[in-house]
Amino acid sequence: MFSSIAKFIHDGGTYMYWITAIMFFGIAVSAERLFFLIKKFDVDGRKFYNELTKLIQNGDMNAAKALCNSEAPLPRILGAGLSQANRSETAIQNAVDEAALSIIPSIEKRTPYISMVANVSTLLGLIGTIQGLIFAFDALANADPSQKGALLAQGIAMAMYTTYYGLMVAIPHMVVYSYIQAKTTKVITEIDEYSVKFINFLIARQKGE
């Protein structure tokens, strides 16, 4: 199996190695982002918010602070607001905004690299295709007649292999990128929604409403 893969990459020419390198880069970035978005950052926003506000209403502030002691962005941001719960509306708002500005970039970071991998692998495949066609036409024009057939086949194979390999790398990365973007949007949307609700909840609590 490995010998077949090695032959496939070798027959495709130089750009096959570049596509392979960028493929492994894309896999590493995708795995890191999926791990954080699924295991570390993704929480049930509604469930968390309801639990948090229930603890605060019951006066159990220590348990509420412990609930916010998490790596996930939403608990950390609401925890920043909770730390200013007895201060003014402006102080609560500023604490939440500052935490959000600090944390949200960590949700989005490195994700554009996955899209870049899809685009670059496709373009490298195209360049390899052109290289293979140049090789084939050069063989037709200049090679010894007894070698023309073999060199022509080699050039066409190089062209087809790089096109195939580039697309084979690009398509899964496009799918993964779309999924990661959807997960990122969900996390950020919940932060926006429950941050506003939590600020309003703390202000209403101060006013005794």
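The values are calculated or read from the model by the stated rules, or taken from the named source; none is laboratory data. Source: prediction; values computed, not measured. For neighbour counting, all protein chains shown are included, and Cβ atoms are generated from backbone atoms with ideal geometry for every residue, glycine included.
When the helices (runs of 4 or more DSSP H) confined to the range 1-79 are screened for residues that are more than 26 Å from residue 104 (Cα to Cα), among the polar types (S, T, N, Q) and at pLDDT below 90, those reaching at least 2 such residues are found at 2-11. Set side by side, the residues 61, 16 differ, and just one is more than 15 Å from the chain's Cα centre (by Cα) and loosely packed, with under 14 Cβ neighbours inside 10 Å, which is 61.
Kindly establish whether residue 175 is of a type in the set (Val, Ile, Thr), buried (at least 16 other Cβ atoms within 10 Å of the Cβ), modelled with pLDDT of 95 or more and in a helix (DSSP H, G or I).
Details: of a type in the set (Val, Ile, Thr): yes; buried (at least 16 other Cβ atoms within 10 Å of the Cβ): no; modelled with pLDDT of 95 or more: yes; in a helix (DSSP H, G or I): yes.
In short, no.
Do you know which residues across the range 152-209 are within 24 Å of residue 107 (Cα to Cα) and among the acidic types (Asp, Glu)?
The answer is 190, 192, 193.
Got a sec? Which of 133, 101 is modelled with pLDDT under 90 and of a type outside the set (Ser, Thr, Tyr)? Exactly one of 133, 101 is modelled with pLDDT under 90 and of a type outside the set (Ser, Thr, Tyr), namely 133.
From the residues in the range 21-54 that are among the polar types (S, T, N, Q) and farther than 30 Å from residue 171 by Cβ, which one is surrounded by the most Cβ atoms within 10 Å (Cβ to Cβ)? Per the criteria, the residue is 53.
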